[in-house]
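Here, each number is a calculation from the coordinates, and none is a lab measurement. Everything numeric in this text was worked out from a predicted model, so none of it was measured. Cβ atoms come from the backbone with ideal geometry, glycine included; neighbour counts cover every protein chain shown.
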Amino acid sequence: MTTANVLKIKELSLEAFRPYGVFGALTPPACAPLVGDDIIAFWPDCGGVLDLGPMASNQLALGICQVAWRELKVDVSEYHTSTGEGILPLDGDIYIHVAPPTPGDVFPTAAAEIFRVPKGTVVVLKPGAWHHAPFATAPGATVNTLILLPQRTYANDCIVRDVQPPIAFEA
């Protein structure tokens, strides 16, 4: 594979990830809670707001995407035209590939990026952002990831395309 088809994995930063969405650790922030005492503390909207889009039924569906270690290669991608998507690795770090929304349905290979998402960090993708199933970060690892989407998105608003040529990435 040529060097042009190999991406370097990036660590998440607000600036680098801004074109695709937002992210945040689902742990209590350093600021004071909206509601709190010795028993209960509540910080709303810690992980960003998921844009369910105009076609959503106001019903958020929770799914699990379990990924085992596989070759670090992007050969398929998808996007949703009218909704964002939330991705939360539950029990291990993951890699995700992303690319900005594009007119038409051709994956923008030159604009693709790879990010490491730490366990417990929710990533909220904007509508139209290219992505697909995450990657486990270590040989032999299997990671469970919570997926947040409007109900039936995969049946009603999921455009999947092969990535040609495939894009390899490395840590």
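Structure values in brief
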quantity	calculated
Theoretical FRET efficiency, 1/(1+(r/R0)^6), r = Cβ-Cβ of Cys65 and Asn5, R0 25 Å, to 0.05	0.50
Cα-centred dipole magnitude for the chain, charges only on beta-carbon of K, R (+1) and D, E (-1), debye, nearest 20	260 debye
Signed unit charges on C-beta, dipole axis of the chain, positive-most listed residue Ile9, Thr142, Pro165	Pro165
Calculated Rg and Dmax of the stretch 87-171 using C-alpha coordinates, Å	13.4, 38
D (Stokes-Einstein, µm²/s), Kirkwood Cα radius, the stretch 57-136, 1.306 mPa s at 10 °C	118 µm²/s
The chain, relative contact order [Cα under 8 Å, separation at least 6], %	36 percent
Per-selection Rg to Rh, the stretch 50-102 - Cα, Kirkwood hydrodynamic radius	0.98
Phi-based couplings in Hz for the stretch 113-129 (Karplus 6.51, -1.76, 1.60; Gly and Pro marked x)	9, 10, 10, 8, 10, x, 3, x, 9, 8, 9, 10, 7, 6, x, x, 5
Length-normalised contact order of the stretch 70-169 in % [C-alpha pairs under 8 Å, at least 6 apart]	47 percent
By average C-beta atoms within 10 angstrom, highest first, the peptides 116-129, 97-110	116-129, 97-110
Gain on full stretching of the segment that runs from Gln164 to Asp91 - 0.36 nm per residue minus C-alpha separation	23.1 nm
Relative frequency of Cα-Cα separations exceeding 27 Å in the chain, percent	25 percent
Relative contact order [Cα under 8 Å, 6+ residues apart], the stretch 98-146, whole percent	40 percent
